[in-house]
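Throughout, read-outs are computed from the coordinates displayed, never taken from laboratory work. Computed from a predicted structure; not experimentally measured. FYI the Cβ positions are ideal-geometry reconstructions off the backbone, even for glycines, and counts take in every protein chain you see.
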Amino acid sequence: MLPVGNGTLTDDDDNDPALLIVRKCLAVVLLSQGVMCVIAYSCAIQVIAAEGEQKASRALKEAAEVISQSPAALQLRYLQTLTQISAEKNSTIVFPIPIEMFKSYSK
């Protein structure tokens, strides 16, 4: 039942063409409001995701600056990544070691 003035619509009013148009218009308005809410929510999610990407890129830039100041930091980060990978999965990791590292031991 839809409220109209001081009364409400009754089942007898279902055949009134003017009231049918009002009901259809009301249904379209309500549907449009729902669609607009979904669109607004989707846009908000995209903004939040973009902000997260921006923060991540800043953190990567700062990390690159720190690592560039200390060559050993890059090697330590590499080994830390290997440790994390091996902890997550039971796997064998093969990584190259420069032969120059062993030349001092062969003499």
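Helix 71-88: angle to the longest alpha-carbon principal axis of the chain, degrees 0 to 90, nearest 10?
The angle comes out near 60 degrees.
Which residue, PRO96, PRO17, PRO71, has the most motion in a Gaussian network model of the chain that connects Cα atoms within less than 10 Å?
PRO96
Efficiency by 1/(1 + (r/R0)^6): what FRET value for LEU74 and GLN54, r their Cβ-Cβ distance, R0 = 25 Å, to the nearest 0.05?
0.55
In degrees between 0 and 90, to the nearest 10, how far off the longest principal axis of the chain does helix 17-69 point, with axes built from Cα atoms?
10 degrees
Taking 0.36 nm per residue of sequence separation and subtracting the Cα-Cα distance, how much length would be gained by fully extending the chain between ILE21 and GLN33, in nm to one decimal?
Result: 2.5 nm gained on full extension.
How compact is the chain by the rule of thumb for globular proteins, expressed as Cα Rg over 2.2 N^0.38 Å?
2.55
Please give the length that would be gained between SER42 and THR81 if that part of the chain were fully extended, namely 0.36 nm times their separation in residues minus their C-alpha to C-alpha distance (nm, one decimal).
10.6 nm
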